[in-house]
Amino acid sequence: MGLLEGKVAIVTGSGGGIGREHALLFAREGARVVVNDLGSDRHGGGKGADMADKVVAEIKGMGGDAVANYDSVATREGADGLVWSALNKFGKLDIVVNNAGILRDKTILNMSEQDFDLVIDVHLRGTFLVTQAAARVFKVQGKGGRIVNTTSLSGLLGNFGQGNYAAAKGGIYSLTRTAALEFQRMAVTVNAIAPVALTRMTQDLAMFKGMTPEQIGPQYIAPVAAFLASDLAGDITGTIVGVQGPKIFLYRMAETSGVAREGGPWSAAEIKERWAEIAR
Ligand code: NAI
């Protein structure tokens with residue numbers, strides 16, 4: 001029996017790249033899948049049904065069950081429509097993978113408000129809207145659920161030229177941590193993956209130069225999503241799992257031991273003097 005037998009899963013942005021691998025693996029593991037994709041280019045321009053349709057055809061071709069959905073995750077109607085697709089076609093919802101994304105890289109000095117807003121809308125607002133719509137269903141169903149978000153090392157550590165994307169992905173980190181706390185009593189786990197994979201989004205990056213899809217393709221990311229989405233991970237929530245090719249690790253926010261001053265507030269000069277201790 002497959003790991004996800006009997007489950008219904010939504011994977012946003014699964015018409016290509018990492019999301020497609022998630023959708024194909026989930027279907028191979030027995031899940032019925034809503035393949036959502038707006039069909040835009042990697043900067044969020046245009047739309048179309050082809051990308052989602054192709055993945056649905058692939059899943060059906062291997063004997064699985066899937067339905068296409070072309071809504072944008074960045075709007076309330078889109079997020080609600082997407083969740084409705086799962087209920088309408090498969091009668092329930094068990095798993096949501098928030099994966100849809102775009103890039104509009106610019107340094108902060110050169111970034112337009114539109115470039116900032118669009119990236120925040122698709123990643124952060126989209127993750128919030130789909131999470132909220134799904135959580136409302138999970139609450140009514142009363143059988144728990146799984147949410148797997150997609151953050152990035154840009155959002156966790158910062159990255160030159162990605163102020164919009166890093167802010168969105170950092171927001172997804174915080175949203176994941178908070179949703180994990182809020183949904184615990186509904187037995188809904190919320191985790192995030194911080195992937196590195198060669199896709200259309202990253203094909204121009206210097207770090208991938210000379211690397212092949214066999215070494216660092218999106219096929220390495222999907223098993224982590226399947227694990228977090230499965231019954232195997234019922235006790236794992238609020239974690240950020242890094243995946244870079246064959247390597248899997250966790251990201252954790254670090255806090256130094258710090259220094260407490262006796263007898264009231266610090267002066268700026270004292271902070272300077274004891275900075276090394278504070279930072280240790
Ligand atoms: P991709 O460009 O192949 O996939 C993103 C998909 O999202 C596309 O198929 C696109 O059509 C879809 N999409 C865009 N806007 C949408 C919207 N409003 N509604 C629904 N679908 C929409 O890129 P990739 O690499 O597969 O990225 C997947 C996720 O992984 C993204 O969230 C990305 O930020 C994240 N990520 C990827 C990394 C990598 O190394 N490839 C690194 C860190 C994070």
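The values are calculated or read from the model by the stated rules, or taken from the named source; none is laboratory data. Everything numeric in this text was worked out from a predicted model, so none of it was measured. Virtual Cβ from ideal backbone geometry, glycine too; neighbours counted across all protein chains shown.
With VAL33, VAL83, VAL67 as the choices, which residue is of a type in the set (Val, Ile, Thr), touching a residue at least 24 places away in the same chain (Cβ under 8 Å) and touching a Gly at 6+ places or on another chain (Cβ under 9 Å)? Break it down stepwise before answering.
Working: VAL83 fails: touching a Gly at 6+ places or on another chain (Cβ under 9 Å); VAL67 fails: touching a Gly at 6+ places or on another chain (Cβ under 9 Å).
Among VAL33, VAL83, VAL67, only VAL33 is of a type in the set (Val, Ile, Thr), touching a residue at least 24 places away in the same chain (Cβ under 8 Å) and touching a Gly at 6+ places or on another chain (Cβ under 9 Å).
Which one of these does GLN219 not meet: (1) more than 14 Å from the ligand (Cβ to nearest atom); (2) under 18 Å from ASN98 (Cα atoms); (3) surrounded by fewer than 17 Cβ atoms within 10 Å (Cβ to Cβ)?
Only one criterion is unmet by GLN219, namely (1).
Going residue by residue through region 14-37, is there one that turns out to be over 16 Å from the mean Cα position of the chain (by Cα), near the ligand (Cβ under 7 Å from one of its atoms), modelled with pLDDT of 95 or more and within 30 Å of ASP204 (Cα to Cα)?
Within region 14-37, not a single residue is over 16 Å from the mean Cα position of the chain (by Cα), near the ligand (Cβ under 7 Å from one of its atoms), modelled with pLDDT of 95 or more and within 30 Å of ASP204 (Cα to Cα).
Among helices (runs of 4 or more DSSP H) lying entirely in region 126-196, which contain 3 or more residues that are of a type in the set (Gly, Ala, Ser) and over 19 Å from LEU82 (Cα atoms)?
Correct list: 163-183.
Would you mind telling me which numbered condition in (1) without any contact (Cβ under 8 Å) to a residue 40 or more places away in the chain; (2) surrounded by 10 or more Cβ atoms within 10 Å (Cβ to Cβ); (3) over 30 Å from GLU214 (Cβ atoms) PHE249 fails?
(3)
Hey, can you tell me all the residues within region 203-241 that are touching a helix residue (DSSP H, G or I) at 6+ places or on another chain (Cβ under 6 Å) and among the polar types (S, T, N, Q)?
Across region 203-241, the qualifying residues are GLN219, THR237.
Name, by its number, the condition in (1) in contact with a Phe, Trp or Tyr (Cβ under 9 Å, 6 or more places away or on another chain); (2) within 16 Å of the ligand (Cβ to nearest atom) that does not hold for THR107.
Among (1) in contact with a Phe, Trp or Tyr (Cβ under 9 Å, 6 or more places away or on another chain); (2) within 16 Å of the ligand (Cβ to nearest atom), THR107 violates only (2).
Listed here are the residues, each with its yes/no results for (1) within 17 Å of ASN98 (Cα to Cα); (2) surrounded by 16 or more Cβ atoms within 10 Å (Cβ to Cβ); (3) hydroxyl-bearing (Ser, Thr, Tyr).
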| position | (1), (2), (3) |
| --- | --- |
| PRO195 | yes, yes, no |
| LEU205 | no, no, no |
| LYS209 | no, no, no |
| GLU214 | no, no, no |
| ALA225 | yes, yes, no |
| SER230 | yes, yes, yes |
| ALA233 | no, yes, no |
| VAL241 | yes, yes, no |
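Can you give me the number of residues within region 210-226 that are at positive phi and in contact with a Gly (Cβ under 8 Å, 6 or more places away or on another chain)? Don't jump to the end; show me each part of the working.
First pass over region 210-226, keeping only residues at positive phi: 210.
In the following step, the residues that additionally are in contact with a Gly (Cβ under 8 Å, 6 or more places away or on another chain) were identified as none.
Total meeting the criteria: 0.
Go through (1) without any contact (Cβ under 8 Å) to a residue 60 or more places away in the chain; (2) within 16 Å of the ligand (Cβ to nearest atom); (3) surrounded by 15 or more Cβ atoms within 10 Å (Cβ to Cβ) and name the single condition PHE138 misses.
Evaluating PHE138 over (1) without any contact (Cβ under 8 Å) to a residue 60 or more places away in the chain; (2) within 16 Å of the ligand (Cβ to nearest atom); (3) surrounded by 15 or more Cβ atoms within 10 Å (Cβ to Cβ) leaves (2) as the failure.
All but one of (1) surrounded by 12 or more Cβ atoms within 10 Å (Cβ to Cβ); (2) more than 23 Å from GLU29 (Cβ to Cβ) hold for ARG185; state the number of the condition that does not hold.
Among (1) surrounded by 12 or more Cβ atoms within 10 Å (Cβ to Cβ); (2) more than 23 Å from GLU29 (Cβ to Cβ), ARG185 violates only (1).
Please go through region 111-135 and give me each residue that is away from the ligand (no atom under 12 Å from the Cβ) and farther than 18 Å from ALA194 by Cα, ordered by number.
Across region 111-135, the qualifying residues are MET111, SER112, GLU113, GLN114, ASP115, PHE116, ASP117, GLN132, ALA133, ALA134, ALA135.
Based on what the data block shows, is ARG200 surrounded by fewer than 19 Cβ atoms within 10 Å (Cβ to Cβ), within 11 Å of the ligand (Cβ to nearest atom), more than 19 Å from ALA74 (Cα to Cα) and basic (Lys, Arg)?
Against the criterion (surrounded by fewer than 19 Cβ atoms within 10 Å (Cβ to Cβ), within 11 Å of the ligand (Cβ to nearest atom), more than 19 Å from ALA74 (Cα to Cα) and basic (Lys, Arg)), ARG200 qualifies.
Working carefully through the options GLY126, GLY158, find the one that is on the phi > 0 side of the Ramachandran plot and out of contact with any strand residue (DSSP E or B) (no Cβ under 9 Å at 6 or more places or on another chain).
Result of the check over GLY126, GLY158: GLY158.
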